[in-house]
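Read through the structure below, which is laid out as structure tokens, and then see the notes.
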Amino acid sequence: MIVGGATRALRGETWCGDAWACRDLGADVLVGLVDGLGHGRDAALAAEAALAVLAQAVERAPERLLMRIDGTIRTTRGVAAAVAGIDPVGRQLAVASVGNVRVALFGERRVHVDAMPGIVGAGIRLPRPIVLDWADRDLLVLWTDGVDARLDLDRAMLRLKHEPEALARRLLDDFATGTDDAGVVCVLLEGAPP
Ligand SMILES: [Mn+2]
């Protein structure tokens, strides 16, 4: 499994409110993308607080992790967030998303995961995770609302999937709206040998 991401602050801003992280727990790999509300320093601090929880929490189920983040970052302005929990042996993944972070699996077919409305950090109800099967070389993409909701991958882009960071940067180049911080994370899915 190869994970790569890219973020870009809104023009004129030093701080970026979009941030991502990956945590390899062996049996599961957690990938999170967060979007601090608004932009600027307070958005960046909210995002940082959310990812600090992802880095340490004992919860592994994405929806439980989002609940933990929600309860922990109440003094920040809050975030939109998506977390994917990827099982490299069972070739499954679970995704939960709150707010405007979009997630899609590009494989044999394309599957979109809907986000639940809400602000993580302001009090959310338990998100309902979506569980998906995946195959080797499928691509999971997460993106914030600073990136066009209609993000799509053409054939040239799919050739970049073995370099997820380069692909994420390319997607920002092509699909960032320019009106907000922007962030994209790409995960090339590959299972552990049986
Ligand atoms: Mn945003």
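Remarks
Residue-by-condition table, conditions (1) in contact with a strand residue (DSSP E or B) (Cβ under 7 Å, 6 or more places away or on another chain); (2) within 20 Å of Val131 (Cβ to Cβ):
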{"site": "Asp18", "(1), (2)": "yes, no"}
{"site": "Leu30", "(1), (2)": "yes, yes"}
{"site": "Ala44", "(1), (2)": "yes, no"}
{"site": "Pro62", "(1), (2)": "yes, yes"}
{"site": "Arg74", "(1), (2)": "no, no"}
{"site": "Val79", "(1), (2)": "yes, no"}
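- Test: residue in region 163-176 that is of a type in the set (Phe, Trp, Tyr) and outside any loop (DSSP other than H, G, I, E, B): yes
- Whether a residue is under 14 Å from the mean Cα position of the chain (by Cα), farther than 17 Å from Val83 by Cα and at pLDDT 95 or above was assessed, and Val147 passes this test.
- Number of positions in region 120-142 that are crowded, with 20+ Cβ neighbours inside 10 Å and of a type in the set (Val, Ile, Thr): 3
- Tallying residues that are in contact (Cβ under 8 Å) with a residue 40 or more places away in the chain, among the hydrophobic types (A, V, I, L, M, F, W, C), within 14 Å of the ligand (Cβ to nearest atom) and not in a loop (DSSP other than H, G, I, E, B) within region 75-120 yields 5.
- Single unsatisfied condition, Gly85 versus (1) over 15 Å from the mean Cα position of the chain (by Cα); (2) buried (at least 17 other Cβ atoms within 10 Å of the Cβ); (3) over 14 Å from Gly183 (Cα atoms); (4) of a type outside the set (A, V, I, L, M): (1)
- Among the candidates Leu142, Leu132, Leu151, the residue that is assigned to a loop (DSSP other than H, G, I, E, B) and either of a type in the set (A, V, I, L, M, F, W, C) or without any contact (Cβ under 8 Å) to a residue 40 or more places away in the chain (or both) is uniquely Leu151.
- Residue within region 7-14 that is among the polar types (S, T, N, Q) and within 22 Å of Cys186 (Cβ to Cβ) present: yes
- When the test is whether a residue is surrounded by fewer than 18 Cβ atoms within 10 Å (Cβ to Cβ), acidic (Asp, Glu) and modelled with pLDDT of 95 or more, Asp42 passes it.
- The single condition among (1) assigned to a loop (DSSP other than H, G, I, E, B); (2) touching a strand residue (DSSP E or B) at 6+ places or on another chain (Cβ under 9 Å) that Asp70 does not satisfy is (1).
- Per the conditions (1) over 24 Å from Gly36 (Cβ atoms); (2) within 16 Å of the ligand (Cβ to nearest atom), the sole criterion not satisfied by Ala166 is (2).
- Any hit, region 5-25, residues being within 23 Å of Asp114 (Cα to Cα), within 16 Å of the ligand (Cβ to nearest atom), surrounded by 24 or more Cβ atoms within 10 Å (Cβ to Cβ) and over 12 Å from the mean Cα position of the chain (by Cα): yes
- Residue under evaluation Arg64, criteria (1) over 11 Å from the mean Cα position of the chain (by Cα); (2) surrounded by fewer than 19 Cβ atoms within 10 Å (Cβ to Cβ); (3) assigned to a strand (DSSP E or B), criterion not met: (3)
The values are calculated or read from the model by the stated rules, or taken from the named source; none is laboratory data. All figures in this text were calculated on a predicted structure; none of them were measured in a lab. Cβ atoms come from the backbone with ideal geometry, glycine included; neighbour counts cover every protein chain shown.
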